[in-house]
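One structure is given here, and the rest of the page talks about it.
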Amino acid sequence: MKKINKRLLTLSLTGALIIGGTIFTSPVVNAVGNGPNYNGNEQINTSILTTYDEMVDYLQTQEAKQDQMELEVIGQSTKGRDLYLVKYVSNPENPTILFLTQQHGNEQLTTEGALEFIKHLGTGKTKGVLDNVNVLIVPMLNPDGAMGDVDFELDDYIAGGDRHLTRYNAVGEDLNRDHVNKIFPETQALHNNVLRAYDIDYMIDLHHQGAQSERDGELVSGSILYPTTENADPEVVHKSKQLGAVVFDKIDPTGWGHLGKYNGGSAETISRNGISVEYGISTLLFEMRGMSDHFYESYVLGQKSNGYLIKQTVNTLDATVRAISDGSINDKDVAFWDTLPTQTTRTSE
């Protein structure tokens, strides 16, 4: 697991990673507007990404080091891999936020950021924060897709390295379209042993999108969206918009971050919508730019972009946890949503 901290972050981190007053520095690369895109020459090597087994070792190590952290197995994947929940629950009466990553197995850098954030929660830099907020993290809901252990061919996928990563679970199904029927074991584990087992107030569902989305003529580093189903309670939607305001205010002014409004649907099979309706949880979708592997060239980024996406994830998780802990989320103005443009797709470079 040293590759998370030394190999992956040092290799590609864009600028200074600043969390809770701690600054991690590394060479700056052009993070947002000019790529680097995949152009047939950019290196995309999945070997630098954390494997499932490495993630498990890392989580177990952090649990042994951190008094406030508890690790729980919530179920198994289609191929029998344990699915993990990381818990920081100091008081059941506290507001609770859930961070969900890698429903899609080829969207890994948010998982890398979540693992880095877990380590961060064990440091003195978050002293007192966890007294007033509970944090739940599902760091890899689709390990079979993440490991390329699937019952279909991945020969046309682009990335090099020791494995391919695919959006789908082992039998070729999209877990983020299974939040009504809950057919697959991964989705069942999430609903039965997390969403129904804990009193959750907020959720950020972390994904990756294609690499060609733009806002105001500049490629975005990511995009965000609240529940858009008409069945969501208006107060739940308002609090979802406040969650988005925390993220936008943290990321968009940085100079390397540039966020758009995601053009998402209203189907309740999607977690952002279905979970808000079924459980009354305020949800936010965060779609980071680019994917770790795909068969479409326009969906992937060269690995020099890895660092800023990890940084974006860590800063997002840190900012939202602090805003919920100190109650400042309740004062967030949501008016920016009325003027935030819906991103569009760039047709040419």
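The values are calculated or read from the model by the stated rules, or taken from the named source; none is laboratory data. Worth saying up front: this structure is predicted, and the values here are computed from it rather than measured. Glycine also receives a Cβ, built like all others from the backbone with ideal geometry; neighbour counts cover every protein chain displayed. Side chains included, ligands, DNA and RNA excluded: accessible areas come from the protein's heavy atoms. Shrake-Rupley method; radii C 1.70, N 1.55, O 1.52, S 1.80 Å.
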> Of these, 197, 114, which one is without any contact (Cβ under 8 Å) to a residue 12 or more places away in the chain, closer than 19 Å to residue 71 by Cβ and of a type outside the set (Phe, Trp, Tyr)?
Replying inline: 197
> Quick one: is residue 206 crowded, with 16+ Cβ neighbours inside 10 Å and part of a helix (DSSP H, G or I)?
Replying inline: no
> Inside region 148-194, can you point out the residues that are of a type in the set (D, E, K, R) and part of a loop (DSSP other than H, G, I, E, B)?
Replying inline: 149, 151, 153, 155, 156, 162, 163, 167, 173, 174, 178, 182
>> Can you tell me which of (1) out of contact with any Leu (no Cβ under 7 Å at 6 or more places or on another chain); (2) open to solvent by 10 Å² or more (accessible area, probe 1.4 Å); (3) part of a loop (DSSP other than H, G, I, E, B) is the one residue 140 doesn't meet?
In response: (2)
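One line per residue, one yes/no per condition, for (1) open to solvent by 20 Å² or more (accessible area, probe 1.4 Å); (2) assigned to a helix (DSSP H, G or I); (3) touching a residue at least 40 places away in the same chain (Cβ under 8 Å):
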| residue | (1), (2), (3) |
| --- | --- |
| 235 | yes, yes, no |
| 242 | no, yes, yes |
| 248 | yes, yes, yes |
| 253 | yes, yes, no |
| 265 | yes, no, no |
| 268 | yes, no, yes |
| 272 | no, yes, yes |
| 275 | no, yes, yes |
| 285 | no, no, yes |
>> The conditions are (1) open to solvent by 10 Å² or more (accessible area, probe 1.4 Å); (2) touching a Ser or Thr at 6+ places or on another chain (Cβ under 7 Å), and residue 334 fails exactly one of them. Which is it?
In response: (2)
>> Out of 225, 219, 165, I need the residue that is open to solvent by less than 10 Å² (accessible area, probe 1.4 Å), in contact with a Gly (Cβ under 6 Å, 6 or more places away or on another chain) and modelled with pLDDT under 95. Which one?
In response: 219
> Among the strands (runs of 3 or more DSSP E) confined wholly to region 51-135, which include 2 or more residues that are open to solvent by 60 Å² or more (accessible area, probe 1.4 Å) and more than 30 Å from residue 174 (Cα to Cα)?
Replying inline: none
